[in-house]
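Undergrad: First, the structure itself, so that you have it in front of you.
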Amino acid sequence: MFDYTAPPNLLQNRIILVTGAGRGIGAAAAKAYAAHGATVLLLGKTEENLNRIYDQIEAAGYPQPAVIPFDLETARPEQYIELADTLGKNFGRLDGLLHNASILGPRTALEQVSGESFMQVMQINVNAMFMLTSNLLPLLKQSTDASVIFTSSSVGRKGRAYWGPYAVSKFATEGLMQTLADEVENVSSIRANSINPGATRTQMRAQAYPGEDPDSKPCPADIMPVYLYLMGSDSTGVTGQALNAQ
Ligand SMILES: NC(=O)c1ccc[n+]([C@@H]2O[C@H](COP(=O)([O-])OP(=O)(O)OC[C@H]3O[C@@H](n4cnc5c(N)ncnc54)[C@H](OP(=O)(O)O)[C@@H]3O)[C@@H](O)[C@H]2O)c1
């Protein structure tokens, strides 16, 4: 596991948006960020999942989060503009953005992947991530120390048979991360890095490996050290890097 112990107040007074915050790794990250003092903006498709995480954060006595139901598959460009406007009016800035929401898509040979399913994976895993990044950059620039974290995969660093659109989407994720990191390196206090979570006990992992014993893999809470490291000021100056959670 990535070796880092976060100080308890690491993210005090920080405003951090997490996509796919309703379950899996995103929910664990949202709770870990809140536990370290952040006001977390919980974005995801299924409102009841987001509300459950909201209740858990509130019951723990962490800073009050906000729930943002937002379908990354169907959102139109003007909805991203509205989202950025609303966040600007309510918070004035953004100190962190964790791009975590993704779908697995079909695990099959490329010639069997339909155009529809390829485009669905690209829409959620890539296009939506670009739209959020570009529309939220003005708010990230208002922060004195902003961190953008992209979620990759081992198949986003080396292609693998039968991982089709998902693998391609994760290569695009690394590309967006590197391009952003290079673009903002000398002009702002924004850093951008990617995390490969590694095999982690979630619904997506179970979908990809249905025959596997889930208990043989770490749970999302176990892989949080690198998520905390990259989000907090201990990683100031680290940018353009591809890190592994495990
Ligand atoms: N688990 C692993 O072993 C593993 C390994 C490598 C990389 N990863 C990466 O880690 C990240 C988290 O994966 P996970 O395992 O936690 O996945 P997961 O359990 O399947 O959770 C996916 C999250 O994405 C959200 N999401 C999906 N479609 C959406 C849409 N159209 N609009 C908004 N939100 C949407 C889901 O929201 P709803 O609750 O509303 O459905 C959910 O919160 C992903 O980027 C994944 O590729 C995971």
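Undergrad: Straight-line reach only, C-alpha to C-alpha below 18 angstrom: list the lysines that Lys158 could link to, leaving out same-chain residues fewer than 8 apart.
TA: Partners found: Lys170.
Undergrad: Report the relative contact order of segment 100-181, percent, no decimals, based on alpha-carbon pairs under 8 angstrom and at least 6 residues apart.
TA: Rounded, it is 39 percent for segment 100-181.
Undergrad: Against the longest principal axis of the chain, how steep is helix 47-59, in degrees 0 to 90 to the nearest 10, with axes from Cα atoms?
TA: Once rounded, the angle reads 40 degrees.
Undergrad: Okay, next question. Please compute P(r) over all alpha-carbon pairs of the chain, binned at 5 Å starting from zero, and give each bin as a whole-number percent.
TA: P(r) over the chain, rounded to whole percents: 1, 7, 14, 19, 22, 18, 12, 5, 2, 0, 0.
Undergrad: Magnitude of the Cβ-charge dipole of segment 146-200, K/R +1 and D/E -1, about the Cα centre, nearest 20 debye?
TA: With only Lys, Arg, Asp and Glu charged at Cβ, the dipole is about 320 debye.
Undergrad: Cross-link candidates for Lys45: which aspartates and glutamates have Cα within less than 14 Å, leaving aside residues fewer than 8 places away along the same chain?
TA: Asp71, Glu73
Undergrad: How large are Rg and Dmax for segment 9-155 when calculated on the C-alpha trace, in angstrom?
TA: In order Rg, Dmax, the Cα atoms of segment 9-155 give 15.6, 51 Å.
Undergrad: I've got another one for you. Would you check the accessible area of Arg157, probe 1.4 Å, heavy atoms only, in square angstrom rounded to 10?
TA: Ignoring ligands and nucleic acids, Arg157 comes out at about 80 Å².
Undergrad: Then there's this: Return, for the Cα atoms of segment 117-246, the radius of gyration and Dmax in Å, separated by a comma.
TA: Here Rg and the maximum Cα pair distance are 15.5, 48 Å.
Undergrad: Relative to the present Cα-Cα distance, how much length would full extension add between Ala221 and Gln112 at 0.36 nm per residue of separation?
TA: 35.7 nm
Undergrad: By how many nm would the segment from Glu185 to Gln207 lengthen if fully extended, with 0.36 nm per residue of separation less the alpha-carbon distance?
TA: Gain on extension, Glu185 to Gln207, equals 4.2 nm.
Undergrad: Could you state the angle between the C-alpha long axis of helix 24-35 and the longest principal axis of the C-alpha atoms of the chain, as a value from 0 to 90 degrees rounded to the nearest 10?
TA: The angle comes out at about 10 degrees.
Undergrad: Over the chain, average the accessible area per residue using a 1.4 Å probe and give it in Å², no decimals.
TA: 46
Undergrad: On a C-alpha basis, how far is the centre of segment 32-106 from the centre of segment 117-133 in Å? Whole number, if you could?
TA: 17
Undergrad: Suppose each label sits 7 Å from its Cα in the direction of the beta carbon; what would the Gln56-Thr5 distance come out to in nanometres?
TA: Modelled inter-label distance: 2.4 nm.
Undergrad: Helix 128-140 sits at what angle to the longest principal axis of the chain, using alpha carbons and giving 0 to 90 degrees rounded to 10?
TA: The two axes meet at around 10 degrees.
Undergrad: Quick one: pull the percent of accessible area on the chain belonging to carbon and sulfur, 1.4 Å probe, ligands and nucleic acids left out.
TA: 49
Undergrad: Expressed as a rounded percentage, what relative contact order does the chain have, with Cα pairs under 8 Å and six or more residues apart?
TA: 21
Undergrad: Can you sort Ser134, Ser194 by solvent-accessible area, 1.4 Å probe, largest first?
TA: Ser134, Ser194
The values are calculated or read from the model by the stated rules, or taken from the named source; none is laboratory data. From a predicted model like this one, the values you see are computed outputs, not experimental measurements. With ideal geometry, Cβ positions are generated from the backbone for all residues, glycine too; neighbour counts draw on all protein chains shown. Ligands, DNA and RNA are excluded from the accessible area calculation, which covers all protein heavy atoms including side chains. Shrake-Rupley method; radii C 1.70, N 1.55, O 1.52, S 1.80 Å.
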